[in-house]
1. Which of the following residues is at positive phi and small (Gly, Ala, Ser): Gly405, Gly355, Gly380?
2. From Leu198, Leu180, Leu153, Leu161, grab the single residue that is over 16 Å from the mean Cα position of the chain (by Cα) and over 26 Å from Thr3 (Cβ atoms).
3. Could you check how many residues of region 244-262 are aliphatic (A, V, I, L, M) and either within 21 Å of the chain's Cα centre (by Cα) or part of a strand (DSSP E or B) (or both)?
4. What number of residues in region 361-392 are touching a Leu at 6+ places or on another chain (Cβ under 9 Å) and more than 15 Å from Phe231 (Cα to Cα)?
5. Determine, yes or no, whether Ala193 is assigned by TED's automatic domain parsing to the domain that holds Tyr63, of a type in the set (Gly, Ala, Ser), closer than 22 Å to Ala349 by Cβ and at pLDDT 95 or above.
Amino acid sequence: MNTARPVVLGYDAVSPLGTSFEEQWSNAAAGRSGVGPLTRFPLRHHFPVPVAGQVPDADITPYPFLRPREMVHWKSPIFKYGMLVVHRTLQKIGLIISDELSPRVATTFSTAIGGLDAVLDADRTLVQSGQLPKPYVNPNSCINMVGGKVSILTNATGPILTTVTACATGSTSLIIGSLLLQNNMADVAICGAVDFPLVESIVAGFATMNGAYQESEDYTPEPPARASRPFSADRRGFIISEGAGCVVLSTREFAQAHGFPYALELAGWSLTADAYHTVAPREETIVHCIDGALNHAGINPGDIDAVNAHATSTRVGDEVEYRALRRIFRDSIPPVSANKSMIGHAMGASSALEGIFAMEGMLRGTILPTINYTPDPAIGIDCVPGTSRSLNQEYVLKNAFGFGGANACIIFHRIG
């Protein structure tokens, strides 16, 4: 087993803050919100969720593999945007996957919700008119197909896995990719996640679970940009959003042999199961996950310069994460950034997007703000309220917690 830490060759993303990465970073650093009115489908009267984080339409004209003739069968946007961020990441790196390299390139690029929108549309058509589904409906809804499409696009013929851990899927993808590299099953891993869950029945389902933000009849209407407020005393649930983030990892030996520069590595990680509740987090196993990542990295809590939080804006979830951080860091919790305040909760893609923002912040010496914050007396943290902050960061902890009690914690390290 190769115990050397995997290095980050590059990354790219689309999110409610934009479709080019520079645009997204600029908006995030300025504390702008990507949350607005929900327009992905016509809202029924009294539909409970009025706002969302929607990805703007991307210019796909430079990419022949995304033109309508090529994408006609792949109706779910997870394919369009998943393939786009993977392709752009490889372009940025300058990595061409040749036939010789191909068997040593793994794919763990994943999704949590997948292409359910395609099969739901087909079901409605079948019920209403009796028209049978098109041949590509089932492949659209196959949960591992986005990884399959990525491997076809890139010519990656190494191990391929779809790591579904609900809201922790993006982080788990990075961890599994790292394990493949360390076990000499690959030299390069295409990691990350995509989800586009703004589908009527899915959104309504999150509302009936009392997880998603919704306005009540006795609640004063407010601008959509104010709706997502992690750690805030007046938080009202998560904002459902969409997005895609790709991170390409490699072994240090591969990067050096091929002249690819790198400045970040995955120093440590941990995975735990709550074994407790389908959706409610468990403090004890979250503490164990954070502690496991620290131990794996061989560092102490005091070495962590910042935390990129899971922080969904739910009443219980944010408080449990705070209590877990308090048990690890005691009275010295480092600054805690909650990116969902600006981009909402992109389900399986959320931790991929947030991990990318965290890494970019490490390179730029900037920690992104948590916007819409009103202090909660029960949560005593510095969440970088309102505006970005200059901060030198050598080690950053990224937390991600998913339905079913799936926890994933990663420690990123800036090299040099």
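1. Values: Gly355 fails: at positive phi; Gly380 fails: at positive phi.
That would be Gly405, the only listed residue that is at positive phi and small (Gly, Ala, Ser).
2. Details: Leu198 fails: over 16 Å from the mean Cα position of the chain (by Cα); Leu180 fails: over 26 Å from Thr3 (Cβ atoms); Leu161 fails: over 26 Å from Thr3 (Cβ atoms).
Within the list Leu198, Leu180, Leu153, Leu161, the selection yields Leu153.
3. Just the residues of region 244-262 that are aliphatic (A, V, I, L, M), to begin with: 244, 247-249, 255, 257.
Subsequent filtering for residues that are either within 21 Å of the chain's Cα centre (by Cα) or part of a strand (DSSP E or B) (or both) retains 244, 247-249.
Here the count works out to 4.
4. Pass one, region 361-392, residues touching a Leu at 6+ places or on another chain (Cβ under 9 Å): 361-363, 365-367, 381, 384, 388-389.
From what's left, more than 15 Å from Phe231 (Cα to Cα): 361-363, 365-367, 388-389.
So the answer is 8.
5. Numbers: assigned by TED's automatic domain parsing to the domain that holds Tyr63: yes; of a type in the set (Gly, Ala, Ser): yes; closer than 22 Å to Ala349 by Cβ: yes; at pLDDT 95 or above: yes.
So Ala193 fits the description; yes.
Here's the yes/no breakdown for (1) out of contact with any Leu (no Cβ under 6 Å at 6 or more places or on another chain); (2) among the basic types (Lys, Arg); (3) buried (at least 24 other Cβ atoms within 10 Å of the Cβ); (4) assigned to a helix (DSSP H, G or I):
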residue	(1), (2), (3), (4)
Thr312	yes, no, yes, no
Tyr322	yes, no, no, yes
Arg326	yes, yes, no, yes
Met342	yes, no, yes, yes
Ala358	yes, no, yes, yes
Ala408	no, no, yes, no
His413	yes, no, no, no
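The values are calculated or read from the model by the stated rules, or taken from the named source; none is laboratory data. What you see is a predicted model, and the numbers here were worked out from it, not measured in a lab. Cβ: placed from backbone, ideal geometry, glycine included. Neighbour counts: every protein chain shown.
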